[in-house]
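This report concerns only the one structure given below.
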Amino acid sequence: MFGVLFEQAADGQRYIDWLLSGLGWTLALAFFGWWIAFGIGIVVGVGRTVQNRFFALPARLYVEIFRNIPVLVQMFLWYFVFPEVVPSAIGDAIKQIPPPWASFFPALLCLGLYTASRIAEQVRAGIEALPKGQLEAANALGLSGYLTYRHVIVPQALRLIVPSLTSEVMGIYKNTSVALTIGLMELTAQARQISEATFQTFTAFGAATIVYLCLALIAYQAMALIDRAVRIPGSAPATLPADQDLSGEVQQGALPGAMEAAK
Amino acid sequence: MPQATVSNATRPAEIVVVENVMKRFGAFTALNDVTLKVDRGEKIVLCGPSGSGKSTLIRCINHIEKHDAGRIIVDGVELTNRIADINSVRCEVGMVFQSFNLFPHLTVAENCMLAPIKVRGISQSEARDRALDLLRKVRIQDQADKYPAQLSGGQQQRVAIARALCMQPKIMLFDEPTSALDPEMVKEVLETMVELAKEGMTMVCVTHEMGFAREVADRVVFMDRGNIIEEAEPETFFRDPRTERAKAFLNQIIH
């Protein structure tokens, strides 16, 4: 069924090479976008929880703006509108960027900033779920606000939200497909191109679907491993009742039920 | 740390001065014009029925709770809204909570080392030596590299005491340190506190452990409805309380 993928395309490459090149862009976008999102997400999420309005208000504004505009619209804003609203010298420089990068950077910015707003809300929820005594104990030891967040609050909050961050990881790599609308030849775009060149629509998108599914599985497993690696010794797995001790080490609690069944 | 408002060379006998302090939570008056002085080396036991303001009072001493009116001066530094003053006071005031409040993601030793390294600026190795020293003192040195969740409640509370001592505070505040413990673990924590008291540490303890009060307290302070209504030496207080309220309270807790 997938034999057609190994045939040679008009440019001398095989169709599977198109697909792999698309996968490369998808992964690059998701990977670098994630780190942007994670970094900004932590800062903004912390900002949402501080008393100081100077930090809290911009953080709130950030989340409201980036979370509530559709990804597709944000993609267009960064690609079409942004170069027009900045000073023309900068705008012209942006327009001079050669093809793959001219789409890649706006897409990266778009996905990074959008996902950051979602991560920020998770981080805020994690921080607010911590017992108040943690903050009090840190205060009582004379730790400053920054040191308290850096060494006491954030490390615990992040551990708490690893399971829910899994869906953000899934989210950012699935949203990479939106980048095809601004001309980035990522996985979905390549699948469409194969479909147009070969008229094998089912094969082309079937292959892309399988690749996306495999990525999902890998992401789930990776996050489950991370969850296990950062779990605090002696603490019960957050999502499993204590009596269901899975040989002490294996902690599958972070996986949703459907994934458990699939294993 | 800048000793902000300490200007004179004379060191007052009092390490803590609480003057006419008021604290409200909404419509509820937690502290109503409370005045209390604690001398260096003095051990004070604060007791009273629940809601009488005793926890609020010691939480005001290190500004975990902000007082609404009156003055609080700790080791010559008045607690205002200045963050630098507050943090410098907190370095000198150790606090032990009812619910331990250890940092669960750090080992026992790391719990004890965090503030000395980050706030006092001592080296990693010096902090570790100090932590192990104090953990030995609370008889828990062999658990240094475990995590809090792997210890019993009594052990956790002793770690919390060691953690506070690692900052080398001039005074220790205890907020019902044994109330969350199983009965058989109360003793090990009290023993640690008695030892600390005998070494001369200045202590203010909110506790209902009257045996402890008898053994170490220089003064028992009895609070009711946000006021200090009786202060006496423990023997006098327990044998012959002056107020009806204290009599009723003692009758209830002794049984």
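Structure values in brief
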quantity: Spin-label pair B:Met22/A:Ser167, simplified geometry with 7 Å Cα→Cβ offset, distance in nm; calculated: 4.9 nm
quantity: Förster radius 60 Å - calculated FRET efficiency between A:Ala93 and B:Ala84 (Cβ-Cβ, nearest 0.05); calculated: 0.85
quantity: Region A:141-166-region A:49-99 distance, computed between alpha-carbon centres (Å); calculated: 27 Å
quantity: Sites excluded, GluC sites (Glu not before Pro) in DSSP loops with at most 16 other C-beta within 10 Å, longest stretch of chain A; calculated: A:8-248
quantity: Under 14 Å from B:Lys54, Cα to Cα: aspartates and glutamates that are on another chain or at least 8 residues apart; calculated: B:Asp33, B:Glu65, B:Asp175, B:Glu176, B:Asp224, B:Glu230, B:Glu231
quantity: Value of relative contact order over region A:56-173, rounded to a whole percent, pairs C-alpha under 8 Å and six or more apart; calculated: 27 percent
quantity: Likely footprinting exposure, A:Ser164, B:Ser123, B:Ser179, A:Ser177, fewest C-beta neighbours within 10 Å first; calculated: B:Ser123, B:Ser179, A:Ser164, A:Ser177
quantity: Residue order, fewest to most beta carbons within 10 Å, for B:Asp133, B:Asp142; calculated: B:Asp142, B:Asp133
quantity: Bins of 5 Å from zero: percent of alpha-carbon pairs in region B:120-255; calculated: 2, 9, 17, 19, 17, 13, 9, 7, 4, 2, 0
quantity: Globularity ratio of region A:1-112, using Cα Rg and 2.2 N^0.38 Å; calculated: 1.44
quantity: Cross-link pairs B:Lys37/B:Lys66; B:Lys23/B:Lys247; A:Lys132/A:Lys174; B:Lys37/B:Lys146 - those with Cα-Cα distance over 30 Å; calculated: A:Lys132/A:Lys174; B:Lys37/B:Lys146
quantity: Alpha carbon Rg of chain B, scaled by the compact-globule rule 2.2 N^0.38 Å; calculated: 1.00
quantity: Highest-fluctuation residue, A:Gln221, A:Gln200, A:Gln134 considered, GNM on chain A with Cα pairs under 10 Å; calculated: A:Gln134
quantity: FRET efficiency estimate (nearest 0.05) - Cβ-Cβ, B:Glu184 to B:Ala13, R0 51 angstrom; calculated: 0.80
quantity: Alpha-carbon centroid distance for the pair region A:1-34 / region B:232-255, whole angstrom; calculated: 83 Å
quantity: Contact order normalised by residue count of chain A, Cα under 8 Å, 6+ apart, percent; calculated: 24 percent
quantity: Diffusion coefficient, µm² s⁻¹, Stokes-Einstein with Kirkwood Rh over alpha-carbon pairs of region B:6-116 at 10 °C and 1.306 mPa s; calculated: 102 µm²/s
quantity: Principal axis dimensions, largest first and in whole angstrom, of region A:123-237 by Cα; calculated: 69, 31, 16
quantity: In degrees, nearest ten, helix A:201-230 long axis to first principal axis of chain A (Cα); calculated: 20 degrees
quantity: Ranking of A:Trp34, A:Trp101 by count of other Cβ atoms within 10 Å, fewest first; calculated: A:Trp101, A:Trp34
quantity: In order through region A:18-30: 3J(HN,Hα) via Karplus (6.51 cos²θ - 1.76 cosθ + 1.60), integer Hz, x for Gly, Pro; calculated: 4, 4, 5, 5, x, 4, x, 5, 4, 5, 4, 4, 5
quantity: Among A:Phe55, A:Phe104, A:Phe38, residue whose mean-square fluctuation peaks in a GNM of chain A (springs only between Cα atoms under 10 Å); calculated: A:Phe55
quantity: Built amide H within the under 5 Å cut-off of B:Gly53, gap 5+; calculated: B:Gly226
quantity: Set of aspartates and glutamates with alpha-carbon distance to A:Lys95 below 13 Å, sequence-local pairs under 8 removed; calculated: A:Glu84
quantity: Label-point gap, in nm, between A:Ile16 and A:Gln221 - each point 7 angstrom along Cα→Cβ; calculated: 2.0 nm
quantity: Acute angle (nearest 10 degrees) that the helix A:53-68 long axis makes with the longest principal axis of chain A, alpha-carbon atoms; calculated: 40 degrees
quantity: Helix A:154-175 axis, angle to chain A major axis (alpha carbon atoms, nearest 10°); calculated: 20 degrees
quantity: Rounded to 5, the percent of DSSP beta bridges in the protein assembly as shown classed as antiparallel; calculated: 55 percent
quantity: Positive-end residue, region B:4-107 charge dipole about Cα centroid, Cβ charges, pick of B:Gln98, B:Ile72, B:Leu46; calculated: B:Gln98
quantity: D (Stokes-Einstein, µm²/s), Kirkwood Cα radius, the protein assembly as shown, 1.002 mPa s at 20 °C; calculated: 79 µm²/s
quantity: Over chain B, relative contact order from alpha-carbon pairs under 8 Å, at least 6 apart, %; calculated: 25 percent
quantity: Label-point gap, in nm, between A:Ala229 and B:Glu195 - each point 7 angstrom along Cα→Cβ; calculated: 4.0 nm
quantity: As computed over region A:68-111, the Cα convex hull volume per residue (Å³); calculated: 62 Å³
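Laboratory data are not the source of any read-out in this text; all were calculated from the coordinates shown. Note that the coordinates shown come from a computational prediction; the quantities given were computed from them, not determined experimentally. Every residue, glycine among them, receives a Cβ derived from its backbone with ideal geometry; neighbour counts consider all protein chains shown.
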